[in-house]
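Take a look at the structure below.
The values are calculated or read from the model by the stated rules, or taken from the named source; none is laboratory data. Please read these numbers as outputs of a predicted model, since none were measured by experiment. Glycine also receives a Cβ, built like all others from the backbone with ideal geometry; neighbour counts cover every protein chain displayed.
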Amino acid sequence: MSERRPVGPAFLIGYAIAYIGAFLGVAPLLQILAPVHAAAIDPAAKAAIFSQAIFYGCVAAGFGNILGGAISDRTRSRHGRRRPWIIVGAVLTVASYAVLLWSRTPFMMVVGLVCFQLAFNVLLAPLIALFADRVPDNRRGVMSAVLGMAYPLAVTMGSVIMAWGPQSETARFATLGGIVLLATIPFALLSREDAPPPGEVRALSSGLSPRSLFKPFANRDFSLAWAVRFLIATGYSLVAFYLLYYIADAIGYADLYPGQTAEAGHSLVMTVSLIGVLGVSFLVALAGSRIKRRKLLGIGGGVLLSGAALLLGVTPDWMLVVVAFVFYGMGQGAFGSIEMALMTDVLPSAEDRGKDLGLINLAVTLPQATAPLAALVLLEGFGFGFRSLFFAAVVCFACATLALAAIRRVR
């Protein structure tokens, strides 16, 4: 194993911008553009169309993430293993927006989201693997806290852009495409990455049998960390995917505030949530290596998420919804600030970082496929409407907290 090239502030800042920019390409798409597009295809069947498209798209995302990580593990290039695939993935992601934009039937919307998820994960897998490759142990705590802000920040920024930026669908997709390209490609072109020694590069097909592919799950802590991420991501998905419909239908935001759209209410709660995320993440980043017990921080985050989801499920009051999202953001900030370091700490081997991180990222993409299916059952079978999704999220967050407490390798 070769020594890591020292990393300076320029690399860390560039990496953070690329990471946040990548998620800006997916968060508003899944939470705003795709639901709105499904409603434009068939308003009466919007939830079913959206759920079906999300399901097949996220199945594709799982394959794309593992394949993207495995290919980058096995790439030999004077430009490095990860950077070429970051560029390819960014370009393909923008191209996939056009496929989704031009879809006019439920089937074509499924095709569009499948193309997007495959392309986006070709970008995401090597980008995340670069964290494990380049960020040294003594900076992982701070960087993990910074990167923990990425998805909530992307959700909030994306919501604000969708609510107050260009309103035509074409302009919205073009805006996201520009953000993805500007955030990721300059970083991939300007950052430095050592070409791997010949002994660390293998044939594409090596180590990809079903047995070796899933070998990391024999490691207890890896399996627990995977379960934690899967449960947390399922809870996030149940809250996020149908939040726009919840604000519009269950809360009746437009009736409470005439002249305002549900998108405006969505941007408000996302902004409030972001304040909680940034506040906690900033404190964690400021403390840096002085925090010795990451696991306790993550457990606290799980408790806050559970309480916030429960409040969302029981309250009919809009102001309490806003308060719930303050605590929700604090929980996201606490868990997110240790998430990347946690996942990196439980990796069983260095040579398969990309592939193994792809497996861990499968814990994020699978819930995006299964949560919509669960949502259809919950929406039709329990009589609580969109509130039933928040009760299910409480169960997910609580179980994730228990699984996190059982991990031994992380203090």
Every pair of residues 6+ apart whose Cβ atoms lie under 9 Å, when the first sits in segment 43-54 and is under 15 Å from PRO367 (Cα atoms) while the second is outside any helix (DSSP H, G or I)
PHE50/PHE241; PHE50/TYR242; SER51/PHE241; ALA53/SER103; ILE54/PHE241
Just to verify a result, which residue in segment 299-341, among those that are among the hydroxyl-bearing types (Ser, Thr, Tyr) and touching a residue at least 12 places away in the same chain (Cβ under 8 Å), is nearest to THR156 (Cα to Cα)?
TYR328
VAL110 vs (1) within 28 Å of THR370 (Cα to Cα); (2) touching a residue at least 60 places away in the same chain (Cβ under 8 Å); (3) surrounded by 18 or more Cβ atoms within 10 Å (Cβ to Cβ); (4) not charged (D, E, K, R): all pass except (2)
Name every residue in segment 37-71 that is closer than 17 Å to LEU127 by Cβ, over 17 Å from the mean Cα position of the chain (by Cα) and at pLDDT 80 or above, in order of residue number.
LEU67, ILE71
Among LEU312, LEU320, LEU304, which is the only one that is farther than 18 Å from ALA150 by Cα and surrounded by fewer than 18 Cβ atoms within 10 Å (Cβ to Cβ)?
LEU320
Of all residues in segment 323-341, how many are under 16 Å from the mean Cα position of the chain (by Cα) and of a type in the set (Val, Ile, Thr)?
1
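Considering only segment 240-254, state which residues are among the hydrophobic types (A, V, I, L, M, F, W, C) and either under 13 Å from the mean Cα position of the chain (by Cα) or outside any helix (DSSP H, G or I) (or both).
Hits for segment 240-254 are ALA240, PHE241, ILE251.
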Take the residues in segment 379-391 that are outside any loop (DSSP other than H, G, I, E, B) and surrounded by fewer than 22 Cβ atoms within 10 Å (Cβ to Cβ); name whichever of them is modelled with the lowest pLDDT.
GLY381
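Yes/no per residue for (1) β-branched (Val, Ile, Thr); (2) assigned to a helix (DSSP H, G or I); (3) modelled with pLDDT of 90 or more:
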| position | (1), (2), (3) |
| --- | --- |
| LEU297 | no, yes, no |
| GLY301 | no, yes, yes |
| LEU304 | no, yes, yes |
| ALA308 | no, yes, yes |
| LEU311 | no, yes, yes |
| PRO316 | no, no, no |
| VAL323 | yes, yes, yes |
| GLY331 | no, yes, yes |
| ALA334 | no, yes, no |
